[in-house]
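The values are calculated or read from the model by the stated rules, or taken from the named source; none is laboratory data. Quick caveat, the model's predicted, so the values are computed rather than measured. Quick reminder, even Gly has a Cβ in these numbers, built from the backbone with ideal geometry, and neighbours come from all protein chains shown.
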Amino acid sequence: MKSTVEQLSPTRVKLNVEVPFEELSGDFDRAYQSLAQQIRIPGFRPGKAPAKLIEARVGRQAILEQVVNDALPNKYSEAVAEADIKSISQPELDVAELVYGEPVRFTAEVDVRPEITLPEYSTIAVEVDPIEVADADVESEVENLRARFGTLVGVERGVTTGDFVSLDLSATVDGKPVEDASTEGLSHEVGSDTLIEGLDEAIEGVKAGESTTFTSKLVAGENAGADSEITVTVQSVKERELPELDDEFAQMASEFDTVDELREDLRRQVGDTKKYEQAGAIRDAVLDQLIETVEFPLPEAVVDAEVEAVQHQLVHALGHDDEQVNRFLEAQGKTRDEWDAESRTEAEKSVRTQLLLDAIADEADVEVGQDELTQQILMQAQRYGMAPQEFIQQLQNANQIGALYADVRRNKALAALITEVKVADTNGEAIDTKEFFGSDEQAEDEDAQDD
(Lines give C-alpha, C1' and ligand atoms only; values in the text may rest on other atoms or scores of the structure.)
Protein backbone atom coordinates (compact mmCIF):
# COMPACT_ATOMS: atom_id res chain seq x y z
CA MET A 1 0.00 0.00 0.00
CA LYS A 2 1.22 3.48 -0.89
CA SER A 3 0.05 6.77 0.60
CA THR A 4 0.94 10.44 0.48
CA VAL A 5 -0.14 13.31 2.70
CA GLU A 6 -1.27 16.78 1.63
CA GLN A 7 -1.37 19.50 4.30
CA LEU A 8 -4.61 21.36 3.55
CA SER A 9 -4.30 23.64 6.57
CA PRO A 10 -2.50 23.62 9.94
CA THR A 11 -5.36 21.46 11.27
CA ARG A 12 -6.43 19.37 8.28
CA VAL A 13 -4.72 16.90 5.94
CA LYS A 14 -5.65 14.83 2.92
CA LEU A 15 -4.43 11.27 2.58
CA ASN A 16 -4.07 9.83 -0.93
CA VAL A 17 -4.01 6.06 -0.66
CA GLU A 18 -3.42 3.36 -3.25
CA VAL A 19 -4.02 -0.28 -2.32
CA PRO A 20 -2.66 -2.95 -4.71
CA PHE A 21 -5.45 -5.28 -5.80
CA GLU A 22 -3.55 -8.36 -4.59
CA GLU A 23 -3.52 -6.99 -1.02
CA LEU A 24 -7.28 -7.55 -0.94
CA SER A 25 -7.05 -11.31 -1.53
CA GLY A 26 -7.77 -12.12 2.11
CA ASP A 27 -10.72 -9.72 2.10
CA PHE A 28 -12.10 -11.44 -1.02
CA ASP A 29 -11.76 -14.86 0.66
CA ARG A 30 -13.75 -13.63 3.67
CA ALA A 31 -16.39 -12.05 1.42
CA TYR A 32 -16.85 -15.28 -0.57
CA GLN A 33 -17.11 -17.33 2.64
CA SER A 34 -19.75 -14.97 4.00
CA LEU A 35 -21.76 -14.97 0.77
CA ALA A 36 -21.50 -18.74 0.47
CA GLN A 37 -23.27 -19.08 3.80
CA GLN A 38 -26.04 -16.74 2.69
CA ILE A 39 -26.66 -17.86 -0.90
CA ARG A 40 -28.39 -21.14 -1.69
CA ILE A 41 -27.06 -22.72 -4.94
CA PRO A 42 -28.57 -26.06 -6.01
CA GLY A 43 -26.16 -28.95 -5.66
CA PHE A 44 -23.98 -27.32 -3.01
CA ARG A 45 -24.24 -27.37 0.76
CA PRO A 46 -24.28 -23.97 2.55
CA GLY A 47 -20.77 -22.51 2.52
CA LYS A 48 -19.47 -24.86 -0.17
CA ALA A 49 -20.44 -23.02 -3.38
CA PRO A 50 -17.42 -22.14 -5.61
CA ALA A 51 -16.39 -18.48 -5.94
CA LYS A 52 -17.16 -18.48 -9.70
CA LEU A 53 -20.78 -19.48 -9.10
CA ILE A 54 -21.14 -16.87 -6.35
CA GLU A 55 -19.73 -14.23 -8.72
CA ALA A 56 -22.21 -15.28 -11.36
CA ARG A 57 -25.11 -15.01 -8.92
CA VAL A 58 -24.12 -11.72 -7.19
CA GLY A 59 -21.95 -10.00 -9.76
CA ARG A 60 -18.21 -9.36 -9.65
CA GLN A 61 -18.63 -5.59 -9.25
CA ALA A 62 -21.01 -5.97 -6.28
CA ILE A 63 -18.51 -8.26 -4.55
CA LEU A 64 -15.68 -5.82 -5.23
CA GLU A 65 -17.71 -2.97 -3.70
CA GLN A 66 -18.48 -5.06 -0.61
CA VAL A 67 -14.82 -6.03 -0.22
CA VAL A 68 -13.67 -2.41 -0.49
CA ASN A 69 -16.31 -1.18 1.95
CA ASP A 70 -15.27 -3.85 4.47
CA ALA A 71 -11.53 -3.26 3.99
CA LEU A 72 -11.60 0.54 3.91
CA PRO A 73 -11.56 1.22 7.70
CA ASN A 74 -8.48 -0.99 8.21
CA LYS A 75 -6.69 0.42 5.18
CA TYR A 76 -7.40 3.95 6.36
CA SER A 77 -6.08 3.11 9.84
CA GLU A 78 -2.93 1.59 8.33
CA ALA A 79 -2.33 4.73 6.25
CA VAL A 80 -2.82 7.00 9.28
CA ALA A 81 -0.38 4.92 11.35
CA GLU A 82 2.15 4.79 8.53
CA ALA A 83 2.06 8.58 8.07
CA ASP A 84 2.07 9.14 11.88
CA ILE A 85 -0.99 11.37 11.63
CA LYS A 86 -2.65 12.43 14.90
CA SER A 87 -6.25 12.49 13.68
CA ILE A 88 -8.91 14.01 15.93
CA SER A 89 -12.09 13.59 13.87
CA GLN A 90 -13.89 11.14 11.63
CA PRO A 91 -12.44 11.15 8.10
CA GLU A 92 -14.26 12.19 4.95
CA LEU A 93 -13.58 9.29 2.57
CA ASP A 94 -13.85 9.39 -1.19
CA VAL A 95 -13.27 6.19 -3.20
CA ALA A 96 -12.25 6.45 -6.86
CA GLU A 97 -13.98 4.37 -9.51
CA LEU A 98 -13.53 0.68 -8.75
CA VAL A 99 -12.19 -1.56 -11.50
CA TYR A 100 -11.76 -5.29 -10.83
CA GLY A 101 -8.07 -6.22 -10.90
CA GLU A 102 -6.89 -2.60 -10.64
CA PRO A 103 -5.47 -0.89 -7.51
CA VAL A 104 -8.06 0.65 -5.18
CA ARG A 105 -7.55 4.38 -4.74
CA PHE A 106 -9.21 6.55 -2.13
CA THR A 107 -8.68 9.85 -0.37
CA ALA A 108 -9.36 10.75 3.25
CA GLU A 109 -9.63 14.27 4.60
CA VAL A 110 -9.34 14.45 8.38
CA ASP A 111 -8.72 17.01 11.11
CA VAL A 112 -5.39 16.65 12.90
CA ARG A 113 -3.78 18.09 15.99
CA PRO A 114 -1.93 21.30 15.18
CA GLU A 115 1.72 21.81 16.01
CA ILE A 116 1.89 23.24 19.53
CA THR A 117 5.02 24.89 20.95
CA LEU A 118 4.97 24.51 24.71
CA PRO A 119 6.63 27.06 27.03
CA GLU A 120 9.23 26.42 29.70
CA TYR A 121 7.05 25.51 32.64
CA SER A 122 9.46 27.08 35.12
CA THR A 123 8.64 30.49 33.62
CA ILE A 124 4.97 30.17 34.56
CA ALA A 125 3.97 31.93 37.79
CA VAL A 126 0.48 32.10 39.27
CA GLU A 127 -1.07 33.56 42.40
CA VAL A 128 -4.00 32.22 44.44
CA ASP A 129 -5.77 33.14 47.65
CA PRO A 130 -4.11 31.91 50.86
CA ILE A 131 -5.65 29.27 53.09
CA GLU A 132 -7.35 31.07 55.97
CA VAL A 133 -9.67 29.36 58.43
CA ALA A 134 -11.74 32.05 60.14
CA ASP A 135 -13.72 31.51 63.34
CA ALA A 136 -16.84 32.30 61.32
CA ASP A 137 -16.08 29.34 59.03
CA VAL A 138 -15.91 27.01 62.01
CA GLU A 139 -19.08 28.41 63.58
CA SER A 140 -20.89 27.92 60.29
CA GLU A 141 -19.95 24.22 60.39
CA VAL A 142 -21.09 24.03 64.02
CA GLU A 143 -24.48 25.47 63.04
CA ASN A 144 -24.75 23.08 60.10
CA LEU A 145 -24.14 20.18 62.47
CA ARG A 146 -26.76 21.47 64.92
CA ALA A 147 -29.21 21.80 62.01
CA ARG A 148 -28.70 18.14 61.12
CA PHE A 149 -29.82 17.18 64.62
CA GLY A 150 -32.58 19.78 64.80
CA THR A 151 -36.31 19.02 64.94
CA LEU A 152 -39.13 20.65 62.97
CA VAL A 153 -41.92 22.18 65.03
CA GLY A 154 -45.17 23.62 63.67
CA VAL A 155 -45.78 27.34 64.25
CA GLU A 156 -48.89 29.53 63.97
CA ARG A 157 -47.44 32.59 62.27
CA GLY A 158 -46.59 33.88 58.84
CA VAL A 159 -43.84 32.33 56.77
CA THR A 160 -40.32 33.71 57.18
CA THR A 161 -36.90 32.83 55.77
CA GLY A 162 -35.57 29.53 57.14
CA ASP A 163 -39.00 27.98 57.65
CA PHE A 164 -39.99 24.63 56.19
CA VAL A 165 -43.35 24.71 54.42
CA SER A 166 -45.70 22.35 52.61
CA LEU A 167 -47.17 23.93 49.47
CA ASP A 168 -49.80 23.34 46.81
CA LEU A 169 -48.99 24.99 43.47
CA SER A 170 -50.99 25.59 40.32
CA ALA A 171 -50.26 27.71 37.27
CA THR A 172 -52.04 29.22 34.30
CA VAL A 173 -50.77 30.75 31.06
CA ASP A 174 -53.19 33.11 29.32
CA GLY A 175 -55.89 31.81 31.65
CA LYS A 176 -55.34 28.16 30.71
CA PRO A 177 -54.16 25.66 33.39
CA VAL A 178 -50.65 24.23 33.00
CA GLU A 179 -50.90 20.59 34.07
CA ASP A 180 -47.16 19.90 34.44
CA ALA A 181 -46.74 23.00 36.67
CA SER A 182 -49.25 21.87 39.31
CA THR A 183 -48.39 19.90 42.44
CA GLU A 184 -49.60 19.23 45.99
CA GLY A 185 -47.75 18.70 49.27
CA LEU A 186 -44.45 20.07 47.98
CA SER A 187 -41.85 20.45 50.76
CA HIS A 188 -39.69 23.56 50.57
CA GLU A 189 -37.15 25.42 52.70
CA VAL A 190 -37.92 29.13 52.44
CA GLY A 191 -34.90 31.14 51.30
CA SER A 192 -33.21 28.26 49.49
CA ASP A 193 -34.31 29.62 46.08
CA THR A 194 -34.59 26.07 44.74
CA LEU A 195 -38.05 26.39 43.22
CA ILE A 196 -39.82 28.99 41.09
CA GLU A 197 -38.34 32.47 40.91
CA GLY A 198 -40.32 34.83 43.13
CA LEU A 199 -41.91 32.08 45.26
CA ASP A 200 -40.05 32.83 48.48
CA GLU A 201 -40.90 36.52 48.30
CA ALA A 202 -44.56 35.76 47.50
CA ILE A 203 -45.18 33.55 50.54
CA GLU A 204 -43.35 35.77 53.03
CA GLY A 205 -45.82 36.45 55.87
CA VAL A 206 -48.45 33.98 54.57
CA LYS A 207 -49.93 31.69 57.25
CA ALA A 208 -50.94 28.03 57.01
CA GLY A 209 -54.22 27.67 55.11
CA GLU A 210 -53.77 30.94 53.20
CA SER A 211 -53.08 31.43 49.49
CA THR A 212 -51.41 34.04 47.33
CA THR A 213 -50.60 34.55 43.66
CA PHE A 214 -47.59 35.88 41.79
CA THR A 215 -46.23 36.01 38.26
CA SER A 216 -43.12 34.11 37.14
CA LYS A 217 -41.65 32.61 33.98
CA LEU A 218 -41.86 28.83 33.58
CA VAL A 219 -38.50 27.18 32.89
CA ALA A 220 -39.58 23.74 31.63
CA GLY A 221 -42.28 22.00 29.65
CA GLU A 222 -44.03 23.21 26.52
CA ASN A 223 -44.62 26.63 28.15
CA ALA A 224 -40.96 27.19 29.04
CA GLY A 225 -40.19 30.92 29.04
CA ALA A 226 -43.84 31.99 29.18
CA ASP A 227 -45.21 34.32 31.89
CA SER A 228 -47.42 32.32 34.23
CA GLU A 229 -49.90 33.28 36.96
CA ILE A 230 -49.01 30.98 39.86
CA THR A 231 -51.26 30.29 42.83
CA VAL A 232 -49.63 28.95 45.97
CA THR A 233 -51.39 27.65 49.08
CA VAL A 234 -49.38 27.21 52.29
CA GLN A 235 -50.53 23.99 53.96
CA SER A 236 -48.16 24.03 56.95
CA VAL A 237 -45.35 26.13 58.44
CA LYS A 238 -42.56 24.64 60.58
CA GLU A 239 -39.38 26.06 62.05
CA ARG A 240 -36.29 24.15 63.05
CA GLU A 241 -35.42 23.97 66.75
CA LEU A 242 -31.71 23.45 67.30
CA PRO A 243 -30.23 21.42 70.18
CA GLU A 244 -28.24 23.21 72.87
CA LEU A 245 -24.55 23.52 72.05
CA ASP A 246 -23.00 21.73 75.01
CA ASP A 247 -20.82 18.73 75.76
CA GLU A 248 -23.86 16.45 75.67
CA PHE A 249 -24.52 17.54 72.09
CA ALA A 250 -20.84 16.99 71.17
CA GLN A 251 -21.06 13.42 72.48
CA MET A 252 -24.31 12.77 70.58
CA ALA A 253 -23.16 14.27 67.27
CA SER A 254 -19.53 13.11 67.21
CA GLU A 255 -16.88 10.93 68.80
CA PHE A 256 -15.70 13.83 70.96
CA ASP A 257 -16.47 14.45 74.63
CA THR A 258 -16.50 18.25 74.62
CA VAL A 259 -17.61 21.11 72.40
CA ASP A 260 -14.05 22.44 72.31
CA GLU A 261 -12.76 19.15 70.92
CA LEU A 262 -15.59 19.13 68.37
CA ARG A 263 -14.73 22.67 67.27
CA GLU A 264 -11.07 21.77 66.81
CA ASP A 265 -12.00 18.83 64.60
CA LEU A 266 -14.35 21.01 62.55
CA ARG A 267 -11.54 23.57 62.20
CA ARG A 268 -9.31 20.81 60.81
CA GLN A 269 -12.05 19.73 58.38
CA VAL A 270 -12.55 23.31 57.19
CA GLY A 271 -8.78 23.59 56.68
CA ASP A 272 -8.73 20.41 54.60
CA THR A 273 -11.63 21.68 52.48
CA LYS A 274 -9.84 24.96 51.86
CA LYS A 275 -6.70 23.05 50.84
CA TYR A 276 -8.72 21.19 48.21
CA GLU A 277 -10.24 24.49 47.08
CA GLN A 278 -6.77 26.04 46.83
CA ALA A 279 -5.54 23.06 44.81
CA GLY A 280 -8.44 23.57 42.42
CA ALA A 281 -7.64 27.28 42.18
CA ILE A 282 -4.00 26.48 41.38
CA ARG A 283 -5.05 24.03 38.68
CA ASP A 284 -7.43 26.55 37.11
CA ALA A 285 -4.92 29.40 37.28
CA VAL A 286 -2.14 27.38 35.63
CA LEU A 287 -4.47 26.07 32.93
CA ASP A 288 -5.89 29.54 32.24
CA GLN A 289 -2.41 31.01 31.87
CA LEU A 290 -1.39 28.24 29.47
CA ILE A 291 -4.51 28.76 27.38
CA GLU A 292 -3.88 32.52 27.24
CA THR A 293 -0.20 32.30 26.33
CA VAL A 294 0.06 29.24 24.06
CA GLU A 295 -1.37 30.09 20.65
CA PHE A 296 -2.35 27.56 17.99
CA PRO A 297 -5.15 27.19 15.42
CA LEU A 298 -8.26 25.16 16.21
CA PRO A 299 -9.83 22.62 13.82
CA GLU A 300 -13.19 24.14 12.94
CA ALA A 301 -14.96 20.82 12.39
CA VAL A 302 -13.98 19.66 15.89
CA VAL A 303 -15.15 22.95 17.39
CA ASP A 304 -18.45 22.65 15.50
CA ALA A 305 -18.96 19.15 16.89
CA GLU A 306 -18.25 20.43 20.40
CA VAL A 307 -20.76 23.27 19.96
CA GLU A 308 -23.37 20.70 18.99
CA ALA A 309 -22.52 18.64 22.08
CA VAL A 310 -22.71 21.73 24.32
CA GLN A 311 -26.17 22.63 23.02
CA HIS A 312 -27.53 19.11 22.63
CA GLN A 313 -28.48 18.64 26.28
CA LEU A 314 -30.85 21.61 26.35
CA VAL A 315 -32.25 21.00 22.88
CA HIS A 316 -32.87 17.32 23.69
CA ALA A 317 -34.51 18.17 27.05
CA LEU A 318 -36.92 20.50 25.23
CA GLY A 319 -37.89 17.88 22.67
CA HIS A 320 -35.87 19.41 19.81
CA ASP A 321 -38.57 22.10 19.62
CA ASP A 322 -37.01 25.38 18.42
CA GLU A 323 -39.93 27.40 19.75
CA GLN A 324 -39.48 25.97 23.25
CA VAL A 325 -35.73 26.58 23.07
CA ASN A 326 -36.32 30.21 22.12
CA ARG A 327 -38.81 30.69 24.98
CA PHE A 328 -36.38 29.13 27.44
CA LEU A 329 -33.57 31.39 26.27
CA GLU A 330 -35.86 34.40 26.54
CA ALA A 331 -36.54 33.44 30.17
CA GLN A 332 -32.77 33.44 30.70
CA GLY A 333 -32.47 36.87 29.12
CA LYS A 334 -30.56 35.57 26.08
CA THR A 335 -31.12 35.68 22.35
CA ARG A 336 -30.42 32.67 20.15
CA ASP A 337 -27.40 34.48 18.68
CA GLU A 338 -26.03 35.17 22.17
CA TRP A 339 -26.49 31.52 23.14
CA ASP A 340 -24.76 30.37 19.96
CA ALA A 341 -21.87 32.76 20.65
CA GLU A 342 -21.54 31.59 24.26
CA SER A 343 -21.67 27.95 23.16
CA ARG A 344 -18.92 28.52 20.59
CA THR A 345 -16.73 30.31 23.14
CA GLU A 346 -17.22 27.43 25.58
CA ALA A 347 -16.53 24.87 22.85
CA GLU A 348 -13.37 26.63 21.66
CA LYS A 349 -12.01 26.70 25.21
CA SER A 350 -12.82 23.01 25.69
CA VAL A 351 -11.12 21.97 22.44
CA ARG A 352 -8.13 24.22 23.10
CA THR A 353 -7.75 22.76 26.59
CA GLN A 354 -7.89 19.16 25.34
CA LEU A 355 -5.37 19.74 22.54
CA LEU A 356 -3.02 21.60 24.85
CA LEU A 357 -3.10 18.94 27.56
CA ASP A 358 -2.65 16.18 24.96
CA ALA A 359 0.49 17.96 23.72
CA ILE A 360 1.78 18.27 27.29
CA ALA A 361 1.07 14.57 27.92
CA ASP A 362 2.87 13.57 24.71
CA GLU A 363 5.93 15.65 25.53
CA ALA A 364 6.15 14.09 28.99
CA ASP A 365 5.36 10.55 27.71
CA VAL A 366 2.53 10.30 30.23
CA GLU A 367 1.05 6.84 30.57
CA VAL A 368 -2.06 5.74 32.45
CA GLY A 369 -1.97 2.46 34.33
CA GLN A 370 -4.92 0.10 34.68
CA ASP A 371 -5.14 0.93 38.40
CA GLU A 372 -5.43 4.65 37.64
CA LEU A 373 -8.15 4.07 35.08
CA THR A 374 -10.02 1.74 37.43
CA GLN A 375 -9.82 4.28 40.24
CA GLN A 376 -11.32 6.95 38.01
CA ILE A 377 -14.11 4.60 36.94
CA LEU A 378 -14.93 3.83 40.58
CA MET A 379 -14.99 7.54 41.46
CA GLN A 380 -17.25 8.37 38.51
CA ALA A 381 -19.59 5.46 39.26
CA GLN A 382 -19.90 6.61 42.87
CA ARG A 383 -20.60 10.18 41.73
CA TYR A 384 -23.49 8.96 39.56
CA GLY A 385 -24.73 6.51 42.19
CA MET A 386 -24.14 3.50 39.94
CA ALA A 387 -22.55 0.10 40.42
CA PRO A 388 -19.05 0.04 38.82
CA GLN A 389 -19.93 -2.77 36.39
CA GLU A 390 -23.09 -0.97 35.28
CA PHE A 391 -21.11 2.24 34.76
CA ILE A 392 -18.44 0.39 32.75
CA GLN A 393 -21.15 -1.19 30.60
CA GLN A 394 -22.63 2.23 29.84
CA LEU A 395 -19.18 3.57 28.94
CA GLN A 396 -18.63 0.65 26.59
CA ASN A 397 -22.07 1.02 24.98
CA ALA A 398 -21.36 4.71 24.34
CA ASN A 399 -17.75 4.04 23.22
CA GLN A 400 -16.51 6.34 25.98
CA ILE A 401 -13.74 4.23 27.54
CA GLY A 402 -11.19 5.93 25.29
CA ALA A 403 -12.52 9.38 26.23
CA LEU A 404 -12.24 8.55 29.93
CA TYR A 405 -8.68 7.30 29.43
CA ALA A 406 -7.82 10.56 27.63
CA ASP A 407 -9.25 12.64 30.48
CA VAL A 408 -7.23 10.74 33.08
CA ARG A 409 -4.09 11.18 30.98
CA ARG A 410 -4.70 14.92 30.59
CA ASN A 411 -5.29 15.44 34.31
CA LYS A 412 -2.17 13.45 35.12
CA ALA A 413 -0.12 15.54 32.68
CA LEU A 414 -1.42 18.80 34.15
CA ALA A 415 -0.71 17.64 37.72
CA ALA A 416 2.89 16.83 36.78
CA LEU A 417 3.30 20.19 35.04
CA ILE A 418 1.98 22.13 38.06
CA THR A 419 4.82 20.83 40.23
CA GLU A 420 7.24 22.70 37.93
CA VAL A 421 5.59 26.14 37.99
CA LYS A 422 5.95 28.93 40.54
CA VAL A 423 2.91 29.28 42.78
CA ALA A 424 2.43 31.80 45.58
CA ASP A 425 -0.52 33.14 47.54
CA THR A 426 -1.59 36.78 47.49
CA ASN A 427 0.41 37.34 50.68
CA GLY A 428 3.58 36.52 48.77
CA GLU A 429 4.09 33.12 50.45
CA ALA A 430 5.42 30.39 48.15
CA ILE A 431 3.21 27.27 47.92
CA ASP A 432 4.73 23.81 47.59
CA THR A 433 2.49 22.29 44.91
CA LYS A 434 3.92 18.81 45.48
CA GLU A 435 1.76 18.69 48.62
CA PHE A 436 -1.32 18.77 46.39
CA PHE A 437 -0.20 17.25 43.12
CA GLY A 438 2.67 14.92 44.09
CA SER A 439 5.74 14.32 41.95
CA ASP A 440 7.33 11.56 39.92
CA GLU A 441 9.75 10.87 42.76
CA GLN A 442 6.92 10.49 45.27
CA ALA A 443 5.02 8.17 42.91
CA GLU A 444 8.13 6.00 42.47
CA ASP A 445 8.66 5.88 46.26
CA GLU A 446 5.03 4.82 46.79
CA ASP A 447 5.33 2.11 44.13
CA ALA A 448 8.50 0.84 45.77
CA GLN A 449 6.75 0.71 49.15
CA ASP A 450 3.83 -1.21 47.62
CA ASP A 451 6.30 -3.74 46.19
Quiz prompt | Flag for residue 320 being modelled with pLDDT under 95 and either in a helix (DSSP H, G or I) or surrounded by 14 or more Cβ atoms within 10 Å (Cβ to Cβ) (or both) | solution = no
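Can you find a residue that is of a type in the set (A, V, I, L, M), at negative phi and without any contact (Cβ under 8 Å) to a residue 12 or more places away in the chain anywhere in segment 363-378? Talk me through it step by step, then tell me what you get.
Keep residues of segment 363-378 that are of a type in the set (A, V, I, L, M), which gives 364, 366, 368, 373, 377-378.
From what's left, at negative phi: 364, 366, 368, 373, 377-378.
Among the residues that remain, those that are also without any contact (Cβ under 8 Å) to a residue 12 or more places away in the chain are: 378.
Checked segment 363-378: at least one residue is of a type in the set (A, V, I, L, M), at negative phi and without any contact (Cβ under 8 Å) to a residue 12 or more places away in the chain.
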Practice problem: Answer yes if at least one residue in segment 225-238 is farther than 30 Å from residue 154 by Cβ, touching a residue at least 60 places away in the same chain (Cβ under 8 Å) and outside any strand (DSSP E or B), and no otherwise. | Solution: yes
Self-check item: helices (runs of 4 or more DSSP H) lying entirely in segment 12-90 (those with 3 or more residues that are free of Cβ contacts under 8 Å to residues at least 24 places away in the same chain and surrounded by 15 or more Cβ atoms within 10 Å (Cβ to Cβ))
Solution: 51-58
Exercise. Within segment 284-296, identify whether any single residue is in contact (Cβ under 8 Å) with a residue 12 or more places away in the chain and among the charged types (D, E, K, R), and answer yes or no.
Key: no
Quiz prompt | Residue list for segment 252-268, restricted to those being assigned to a helix (DSSP H, G or I) and either among the polar types (S, T, N, Q) or under 26 Å from residue 131 (Cα atoms) (or both) | solution = 259, 260, 261, 262, 263, 264, 265, 266, 267, 268
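Go through segment 162-177 and give me each residue that's charged (D, E, K, R), in a strand (DSSP E or B) and more than 26 Å from residue 152 (Cα to Cα).
The answer is 176, and nothing else.
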Quiz item: What number of residues within segment 154-208 are touching a residue at least 60 places away in the same chain (Cβ under 8 Å), surrounded by fewer than 17 Cβ atoms within 10 Å (Cβ to Cβ) and under 35 Å from the mean Cα position of the chain (by Cα)?
Solution: 1
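In the list 165, 128, which residue meets the criterion of being closer than 26 Å to residue 234 by Cβ, out of contact with any Gly (no Cβ under 7 Å at 6 or more places or on another chain) and at pLDDT 95 or above?
Details: 128 fails: closer than 26 Å to residue 234 by Cβ.
Just one listed residue meets the conditions, 165.
Confirm whether residue 356 is in contact with a helix residue (DSSP H, G or I) (Cβ under 9 Å, 6 or more places away or on another chain) and at pLDDT 95 or above.
yes
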Quiz item: Does residue 105 satisfy the condition of being in a loop (DSSP other than H, G, I, E, B) and out of contact with any helix residue (DSSP H, G or I) (no Cβ under 8 Å at 6 or more places or on another chain)?
Solution: no
Quiz item: In segment 328-382, which residue that is basic (Lys, Arg) and assigned to a helix (DSSP H, G or I) is nearest to the chain's Cα centre (by Cα)?
Solution: 349
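Report, by residue number, each residue of segment 383-432 that is among the aromatic types (Phe, Trp, Tyr), in a helix (DSSP H, G or I) and free of Cβ contacts under 8 Å to residues at least 24 places away in the same chain. Lay out the reasoning, then the answer.
Residues of segment 383-432 that are among the aromatic types (Phe, Trp, Tyr), as a first pass: 384, 391, 405.
From what is left, the residues that are in a helix (DSSP H, G or I) are 391, 405.
391 - this is the single residue of segment 383-432 that is among the aromatic types (Phe, Trp, Tyr), in a helix (DSSP H, G or I) and free of Cβ contacts under 8 Å to residues at least 24 places away in the same chain.
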Quiz prompt | Qualifying position, being in the same structural domain as residue 324 (by TED's automatic domain parsing), surrounded by 14 or more Cβ atoms within 10 Å (Cβ to Cβ) and aromatic (Phe, Trp, Tyr), among 296, 214 | solution = 296
